[in-house]
Structure formats: C-alpha cells, structure tokens
1. So the label point goes 7 Å from the Cα of LEU238 along Cα→C-beta, right? Which residues of the range 256-284 then have their backbone N under 15 Å from it?
2. With each label point set 7 Å from Cα along the Cα-Cβ vector, what nm distance links ILE186 and GLN203?
3. Could you pull out every one of the lysines with an alpha carbon less than 28 Å from that of LYS89, ignoring same-chain neighbours closer than 8 positions?
4. With a 1.4 Å probe and every protein chain left in place, tell me how much accessible area GLU96 has, in Å² to the nearest 10.
5. Extension gain THR97-VAL57, at 0.36 nm per residue separation less the Cα-Cα distance, in nm?
6. Using a 1.4 angstrom probe and counting only protein chains, how large is the accessible area of TRP47 in Å², to 10?
7. So what are the ³J(HN,Hα) numbers for the range 140-145, from phi and the Karplus equation (6.51, -1.76, 1.60; θ = phi - 60°), rounded to whole Hz, Gly and Pro as x?
8. Report LEU273's accessible area, 1.4 Å probe, all protein chains in place, as a number in Å² to the nearest 10.
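The values are calculated or read from the model by the stated rules, or taken from the named source; none is laboratory data. Quick caveat: nothing in here was measured; it's all calculated off a predicted structure. Glycine gets a Cβ as well: all are built from the backbone with ideal geometry, and neighbour counts include every protein chain shown. Please note that ligands, DNA and RNA were not included when accessible areas were found on the heavy atoms of the full protein model with its side chains. Shrake-Rupley method; radii C 1.70, N 1.55, O 1.52, S 1.80 Å.
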Amino acid sequence: MSIPAPSPTAHGFMSRRPSQPPLPGRADHPSRAAALAADLAGLLDRWTGADGGHPNVIPELMFWRFSNPTEPAQVIQTAAVYVVVQGRKQVVVGGETYAYDATRYLAVSLDLPVIANIAEATPEEPYLCLTLRVDARELAALIVETGRPAPRDDHNGRALFVSALDVPLLDALVRFVRLLDAPEDIPVLAPLIRRELHYRLLQGDQQGLLAEIAIGDGRLRRIAGALGWIKEHFAEPLRVEDLAKLTNMSASALHAHFSAVTGVSPIQYQKQLRLQEARSRLLAGGTSAEAVAYEVGYASPSQFSREYARLFGQPPRRDAEAMRADGSAAS
C-alpha cells in the first residue's frame, strides 16, 4: 500500500480501447455513465488543488491527483476500492499487471506489496482517483441479510481484482462525494450511502472474493490474519513456523497460500514493510539511516542499506533527499 485542472469532458472519461469487451451497466446506459463519470471528476477536481493525496471529513474517502505519469515504484497497496475517473494507473503483483481507468475499478482485499505507476496523466487532464475503504463487517452483515450463499474457498487469484465500473456504483459514489458540500447531512446520510456502496460491490462479478474476506474461514481469511500479525510486529524476528501455528496452517501451506495471494513470501513481505517504514521515517528527517535500520528491525545497517538500495534504487539517505527535493513522496 502507501494514499486535482480545467473541468474535464465526458469524452475523456469514456474513451475505451477497441480490444476491451462491452462493460455491464455501461453498454445499456452509456450516456448516464458518461454523465456520472463527468460529475465525479468535477467533484474530485474541485476537492483537490495540488498533486498528491487529499483526505476529507468522510474518513473512508481519500482523493488523489497527479499531473504527470510516474515511474514504477514499490509500494504497499492498502486494502480499498480504487476508482479512477481520469487517467490510468497500473499495478504489478507477482508478474501480473492490473490496469484500471475510468471504465474499471481496482479492489484490493488485503494490504499488498506491488509495483505501481500512473500511466496516463497531463497537467490539462490530470489523473483523478478516489479510494474507498471497505468495511468487512458491513459486507458480512449484508451477506447475511440478503441470504447470499456462504463464500467458497475455491479461487486461485490474488487478493485484488479489476471489475467494471457500472452505473449503480458510480451513482452511489457521486452522491457520497457530494455530501462534502452539505456537512450537516453527513452524520445521517453517509452511513446509508456507505451501506449502499458495499451492497453494489457485492453485486459485482468478484463478489465471492469480497465475501470470502468478510465471513469466510478459508485461506484468504487466514492469510489476512498472518498479514495483520506481520504488520503489528514487523520489527520483530519472524519464524514462519510460529506464524503457521497462529493461523492454524502447516508451514508449507502457509508459505504456498501466502505467496499465491500476495505474490511474495512472508519473509519478503516483512522486509518490504520494514523498508517502506524506514523510507517514511527517513523522509520525516531527524534521524540517521543507521538508527532507522535498528528501529525497523535490522541487526546490520550495511544489510539494511543494501536491501534499501535494491528496492528503491539508491541508498537510504540519498533516496530521502531526492524525494524531499522532488516533492513526490505521495503513494
């Protein structure tokens, strides 16, 4: 994981490559989808003034704006739904590329290490995106209430997917963001629209994966527990055997399922968390690279420097100085 220019036109949002198949919910209502996409882009344009991430008073929402493409970078993609209304972004996990734009949204069920970059953006038509954090408890309640079948642990994909951005989901997102113009309505209406958004996500073609995270007892649920433990204890020594006991799995099964879901091993995941945390602390300044190495769990500063440079392309201090000078520390 990781976290807007003149009003754009509908044509810019609805452009689609000829090789893409028709999208459910858009083929039947193309003008409605274009209008909603334009509305949402206008709102994001208004609520973001500069490049980077922009929080707001609705805690589940985050807005993003970038005026130029970015180079591929190692980040932790946090669990959320990512909706792009202008521009295009792509993430690479385990050698697979997931691209999303104004026709498709990205959903990430677990915090995952990825290589990410913004592929399309200009100062005139910047990349505009919102992220929506999904509540597993809300999903679970809706699954029970609507009588959906229990999720099956039979998928073999990553804990992320790309799905069609259809009219009902776009409509709910527009109404959710518009609440920012009427803050007095947020306490009453935000929970209702948030519930609707969860319902719309469960109607998508990947609802089984979301459901399995919400109430399943299969491998994704267990891998989620393993990820949570590593995040809480990233600076501590990690033994896969101990983590396997914690998740009621054998060490070999944990390693295989963890790698299938995240694209990396548990040890590699911990290493990336340590290095991402080190990068944040170095960017904040006030401490040496050697001190940061010990803080995030490294016993050898020289090993820390080597692995940091391997992941981020240059030694720790130089990387932090370059990011501060560049002003591009946003994820």
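1. What the label zone holds, given the 15 Å backbone N cut-off, is 256-278.
2. Computed distance between label sites ILE186 and GLN203 equals 2.7 nm.
3. Reachable lysines: LYS231, LYS271.
4. Around 90 Å² of this residue is reachable by solvent.
5. Values: separation 40, 0.36 × 40 = 14.40 nm, distance 3.29 nm.
Separation in residues times 0.36 nm, less the Cα-Cα distance, equals 11.1 nm.
6. Counting only protein heavy atoms, TRP47 exposes about 90 Å² to solvent.
7. 4, 4, 5, 4, 5, 5
8. Rounded to the nearest 10, that gives 30 Å².
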